[in-house]
Amino acid sequence: MSDEARDETTTGAGPEDAGTERLARAVRAAEDALIEFEIAVETYRIEVENFSRLHEQRLGPLYARIEELDAGIAEAIAARTKDPEDERRAREARAAVTPMPLVSELFHGWLDGEGFTPEGYAMLTDQSVQPPPRVRPGEEARKLYRELARRCHPDLVTDPTERERRDAFLSRVNQAYARGDEEALRELTEEWETGGDQRPEPAVPAGDELYARLEWLASRKELLADAAAALEDSAIGSMLRMAEDDPDRLLDEVADGLRRQIATKEAELARLSAAQE
């Protein structure tokens, strides 16, 4: 609720009982705290998701090249030694990099031997097909996002129809923020200002309704806390904690390390191949 609308619960049209007024103020404070917490969790979720997508985009081909080189090295060793154990290791290494036959055709290129491609996953989850340009959007994008999310958040209202409409709008806001698209966030802000807030006049809540609202807010915060903990405990969350100041730099550093591994393995494979000639 806006401050003006929510103040109606404690002014002339609202409850006169002092206890109910205090409860109404507690509800407003809990709503404000929940919105801030939700914004923080959603911001972190977007960073985790962006990091995951960029990890796959930037590092996936490097990991794939390492697997291919490992298979080639294992095969070269097996060809030289003829040892059954070396041959078994070579078969396992090759199987790990050979895509499942005909799988990609089943989903018109959305699926390969490693699972859904980034494009396929994006289309199934309503994400942008293009990966984000960076893990963490710029400061201006973060500012625009936080301000707009505070104004349009579904948890500010209780009407189911209005909540559904706000859910859809906030999804667009989240997608623009994930891309770091400042212009899109400005356009969404203008859209909201020119007709986004369409809440009906709030009814004066009774004490039991305020208690129910307070309980709902508390349960909602518990769910968010669990979601935040799961994100932090995930593999991607653990990697993000290693580079909270600049996660994109971490990706660059890991990529550099993988390229060094590739150079070493390419030299080893070339040596083994030359020895067979």
For region 169-192 the number of residues that are crowded, with 17+ Cβ neighbours inside 10 Å and among the hydroxyl-bearing types (Ser, Thr, Tyr) is 2
Going by what's in this entry, would Leu224 be described as modelled with pLDDT of 90 or more, within 19 Å of Val27 (Cα to Cα) and surrounded by 15 or more Cβ atoms within 10 Å (Cβ to Cβ)? yes
Being of a type outside the set (Val, Ile, Thr), farther than 26 Å from Glu47 by Cβ and at pLDDT 95 or above is true for just one of Ala95, Ala71. Which residue is that? Ala71
Residue that is nearest to the chain's Cα centre (by Cα) [pool: residues in region 206-255 that are of a type in the set (Ser, Thr, Tyr) and assigned to a helix (DSSP H, G or I)]: Ser238
Residues in region 245-259: is at least one closer than 21 Å to Phe37 by Cβ and out of contact with any strand residue (DSSP E or B) (no Cβ under 9 Å at 6 or more places or on another chain)? no
Which of the numbered conditions does Leu269 fail, given that it passes all the others? Conditions: (1) in contact with a Gly (Cβ under 9 Å, 6 or more places away or on another chain); (2) under 26 Å from Glu56 (Cα atoms); (3) not assigned by TED's automatic domain parsing to the domain that holds Ser52. (3)
For region 47-71, pairs from a residue that is within 25 Å of Arg179 (Cβ to Cβ) to a residue that is of a type in the set (S, T, N, Q) and surrounded by fewer than 20 Cβ atoms within 10 Å (Cβ to Cβ), with Cβ under 7 Å and 6 or more apart or across chains, are Val48/Ser234
Take region 155-168 and flag every residue that is surrounded by 18 or more Cβ atoms within 10 Å (Cβ to Cβ) and at pLDDT 90 or above. Arg166
Being modelled with pLDDT of 50 or more and over 30 Å from Glu232 (Cβ atoms) is true for just one of Arg53, Arg65, Arg58. Which residue is that? Arg65
Quick one: would you say Glu56 is within 21 Å of Leu214 (Cβ to Cβ) and acidic (Asp, Glu)? no
Selection status of Glu42, more than 29 Å from the chain's Cα centre (by Cα) and either within 30 Å of Leu156 (Cα to Cα) or modelled with pLDDT of 95 or more (or both): no
Condition first: part of a helix (DSSP H, G or I) and under 13 Å from Ala76 (Cβ atoms). Now tell me which residues in region 256-277 satisfy that. Lys265, Glu266, Ala267, Glu268, Leu269, Ala270, Arg271, Leu272, Ser273, Ala274, Ala275, Gln276
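The values are calculated or read from the model by the stated rules, or taken from the named source; none is laboratory data. Note that this is a predicted model, so its numbers are computed, not measured. Every residue, glycine among them, receives a Cβ derived from its backbone with ideal geometry; neighbour counts consider all protein chains shown.
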